[in-house]
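K.L.:
Sharing a structure with you now.
Rule-based calculations on the coordinates, nothing more; no lab input. Not measured: the values here are computed from a predicted model. In this analysis, Cβ positions are derived from the backbone assuming ideal geometry, glycine residues included, and neighbour counts consider all displayed protein chains.
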């Protein structure tokens, strides 16, 4: 197909002009001395948006509250929101943009371990600071990341011990097939044995899979007293529906989920979850004035139908933790903020928690609760503060 | 392995077969007749699922007493909605793409992106909860070791019904006669006076309607969200291509074989390895029978 | 049916402009945008490959992600082995667990480096793997299928299924491949810090140079006898077979070339972005690669480069400002390009001229018979849409 020279030069000239002009037509935030920029980097679109998009709301609420009470170090927070689009290379690209171009003082971001792992080299190289609000598998400690949610040892060990004491000693482990469930189960297995229990089976389902018939069959064949579920995401909906269809429900089978919070409940169907257990660091139903204030403010801003889960709460306190560290250090420089975070204590909706002296993780409570008919979780056990240990002996 | 397990596994295979068949029928009809590969088929299923959700919401709000039968109404509505949408789609842009199957794949892929984002904008990114009717919850337990989920039984029944209805339509009505005629020899059918354009539109609409029914039925088993269509689409394609184009019998056979394979493989190996193995088997099978299992001779 | 006219003054001018553009760009844009441009150019490689494979060969591969992934993973394996204990996490892991294996192997309790990882300690092996394994695999796969006359839609679906399998297997074997996280966190390439701006600039120029070389090589191929036979196969495979050629060999060859290009693009991507991920291997990215080629013009090698840059620029712009709209736009783009712009942007001038009523610049001899000259692409689109022969 002949391409005429004129048409070609026209189109290439146009493209050249557009490319050269582009950065001047779409300038990013103007530098203002009286504000400090904070970036929010989560998936607003794509498959993970289901879980991650709402974390942005909690972080924005915290920023609004902080700005209303004067800002950080006298400067108001200017927030820049970027969409990771559930695509890890995009997360790395947007992180680079936030740090190198927008020069944000901190990023509140990431949900899946994959997004965090793609962002980590960028944050380390640009010497930025990332606050990561999602429960994960540990095995990491970056000098440029503050981990504000529980790592695996802070949830599964307490959960297993409680289950072995209260529900039974034979376990069936089922999870989605990627690193968090696998690592969690690696920690769970010796814990189960130490508690005098037995592992009857261990199964992994591909991410996004919705056919659970065979696996449920396997489970029923083994008749475990306890099912420990690390199934995540949309698969949960299919999993609980099909469990219910197979006759397993909260009344006749003990099941503890490590990845189902209040937010997933309505999509799964509260009738499918009733009676099943969940282990998190935070439940919306917790008593205490910091939590009641938080839930009220959240519902007032976003609607009475919204619910708050563990990750949202961690996103909320991430902003406050950054503010507190920046004010303690009287600076936004990353090394100063990180140093000021050591043993920093906060009266959070989940209770009083504090940063570890050195490993950038928070001391956390592990809480176990049962799903109610209305989708809320009723707490039945709370552990004392657990020290974070991202590199356990496994 | 006890007899109970064997029976349960066999039932699982049967259930999965009906799920795959229900999803694949719509696609097979469209692909078989018009050579159109509709990559947006999954989103049509999602449309049926969302229609079911909306029906449930309406029933809950206005007729809570009748909630028990909402599912039946929903299935009919899902068929109607996706049928009409398919009709509109065919008239507006699919018909410009006949005889260009590769281009159709790309164009319908674009359509699927648009539909996904539309669902996300309208209903939010989270899954929506579709309630299961009371009479479908739980399982039938003929013996202590066996428990047959009622929702899966329902889907089996629905598939049988849909299969019979389709058979009746294709082999016992004038419309079915026209459709079969156009499939076998388009030029000749046009020559004897069949309006091939109308037949095409009708067929595409029927295929879309079937997708709607499948999506509606699947709300009992899986989640309903913007990415619902993606959950099953790869499997559906494989079934259709494996079964051989232009042969509904092929579709059923392929669905049966793949379902059984998947059910047994999942029991013995991890989920992801089972999936990869099945895809590999299909590729090998396509190598030996490039036109699929049952390839009809047609003249275009 | 005339053969495709390639390489007139127009193409040459396009190449010159592109060279200028991509050399000027690093000096006028800030580093972030420049690195973005480098990333986009990595995806131009599979797009160029698709122009050869699809535009001129008539074979639509919906699984180029597989080869892109191979290239990126091979490069990543080399970089990861080099980086193993240098990263923060790596050193923490070796401190706690006494293992110097890549991090994802440590936390999946892989005790020793698998045999197929070992050769990747050597750069020459890694480079050889990148340029040999994907094209070899592609050739064998394509030859086996084309010999049995599997074509058109069926072959496309086979490529689709392979990409899906690769993605599933990579994600499922996280002890050996890093799973859904991919392979990340590398720092140096033969001791050179690949994260520094200076090195990234050098990489940018390397990418541009390789891309131009690929485009010129493509032009040379299309002008050669092989290229002409290829186009003939696209348009009338039976006649070529009756003339004594074996179409399977030629088609498999061009498929291998496309795989090679995709693999090189993947390797460059791993070097620049610092990660190899299964999210670039599966069905969705593979189909997106087709759109880059389509937007620019599936019959224009340079056009596919423009197509890639344009689509990515749009993606970045929209996702920064109106993230919700991006997917709508991408969907509409697919539909528009397929229905109204089968020749892409590069052919826009031609189509506008025809719409205005003037005859096409290069009239095919068929026009002499009084029938309206059909554009070659329209015919190619009809015939090259290949049923199983």
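K.L.:
What is the order of A:42, A:356, A:365, fewest Cβ neighbours within 10 Å to most?
P.N.:
Ordered from fewest to most neighbouring Cβ atoms within 10 Å, A:42, A:356, A:365 come out as A:356, A:365, A:42.
K.L.:
Then there is this: Report, in degrees rounded to the nearest 10, the 0 to 90 angle that the Cα long axis of helix A:156-166 makes with the longest principal axis of chain A.
P.N.:
Orientation of helix A:156-166: about 20 degrees from the principal axis.
K.L.:
Of B:196, B:52, B:159, which is the most mobile in a GNM of chain B whose springs link Cα atoms less than 10 angstrom apart?
P.N.:
Result for chain B, Cα springs under 10 Å: B:196 fluctuates most.
K.L.:
Let me have the 222 nm mean residue ellipticity of chain A computed from DSSP H runs of 4+ only, each contributing -39500 (n - 2.57), with the sum over all residues rounded to the nearest 500.
P.N.:
Calculated from helices alone, the mean residue ellipticity at 222 nm is -13000 deg cm²/dmol.
K.L.:
Among C:356, C:149, C:298, which one shows the biggest mean-square fluctuation in a GNM of chain C, springs joining Cα atoms closer than 10 Å?
P.N.:
With Cα springs under 10 Å in chain C, the top fluctuation among C:356, C:149, C:298 is at C:356.
K.L.:
Tell me, what is the percent relative contact order of chain A, built from C-alpha pairs under 8 Å that lie six or more residues apart?
P.N.:
That works out to 16 percent.
K.L.:
A further question on this structure: Rounded to the nearest 500 deg cm²/dmol, what is the calculated helix-only ellipticity per residue at 222 nm for chain C, with -39500 (n - 2.57) per DSSP H run of length n ≥ 4?
P.N.:
Using -39500 (n - 2.57) per qualifying helix, the result is -22500 deg cm²/dmol.
K.L.:
Label points 7 Å out from Cα along the Cβ direction at residue A:170 and residue B:198: separation in nm?
P.N.:
6.6
K.L.:
Based on alpha-carbon centroids, what's the gap between segment A:55-77 and segment C:35-56 in Å, whole number please?
P.N.:
So the separation of the two Cα centres works out to 43 Å.
K.L.:
Distance from a point 7 Å along Cα→Cβ of residue B:180 to each backbone N in segment B:248-266: keep the residues under 13 Å and list them by number.
P.N.:
Those under the cut-off are B:248-249.
K.L.:
Quick check: pseudo-label points 7 Å beyond the Cα along Cα→Cβ at residue A:387 and residue C:100, how many nm apart are they?
P.N.:
Each label point lies 7 Å from its Cα, and together they span 3.1 nm.
K.L.:
For residue A:64 and residue A:195, calculate 0.36 nm times their separation in residues minus their Cα-Cα distance, and state this gained length in nm to one decimal.
P.N.:
Taking residue A:64 through residue A:195 to full extension adds about 42.6 nm, to one decimal.
K.L.:
Full extension from residue C:195 to residue C:325: what is 0.36 nm times the residue separation minus their Cα-Cα distance, to one decimal in nm?
P.N.:
43.6 nm is the gain from fully extending residue C:195 to residue C:325.
K.L.:
Between helix C:283-296 and chain C, what is the angle of the helix's C-alpha long axis to the longest principal axis, kept within 0 to 90° and rounded to the nearest 10?
P.N.:
Its long axis makes an angle of about 40 degrees.
K.L.:
If a paramagnetic tag sat 7 Å from the Cα of residue B:168 along the Cα-Cβ line, which residues of segment B:60-90 would have the backbone N under 16 Å from that point?
P.N.:
B:76
K.L.:
Under the classification rounded if a/c is under 1.5, otherwise prolate if a/b is larger than b/c and oblate if not, where does the protein assembly as shown fall, given a ≥ b ≥ c as square roots of the Cα gyration tensor eigenvalues?
P.N.:
Oblate, because a/c is 1.5 or more while a/b does not exceed b/c.
K.L.:
Using r as the Cβ-Cβ distance of residue C:224 and residue B:269, and R0 as 51 Å, what FRET efficiency do you calculate, to the nearest 0.05?
P.N.:
That gives a FRET efficiency of 0.60.
K.L.:
Applying 1/(1 + (r/R0)^6) with R0 = 51 Å to the Cβ-Cβ distance of residue B:5 and residue A:301, what FRET efficiency is obtained, to the nearest 0.05?
P.N.:
Plugging the Cβ-Cβ distance into 1/(1 + (r/R0)^6) gives 0.45.
K.L.:
Who wins for biggest fluctuation among C:276, C:258, C:209 in a Gaussian network model of chain C, springs between alpha carbons below 10 Å?
P.N.:
Answer for the Gaussian network model of chain C: C:209.
K.L.:
Based on other C-beta atoms within 10 Å, arrange B:91, A:116 from fewest to most.
P.N.:
Lowest to highest Cβ neighbour count: B:91, A:116.
K.L.:
Also, I was wondering about something else. What is the fewest-to-most order of B:235, C:193 by other Cβ atoms lying within 10 Å of their Cβ?
P.N.:
With the sparsest Cβ surroundings first, the list reads C:193, B:235.
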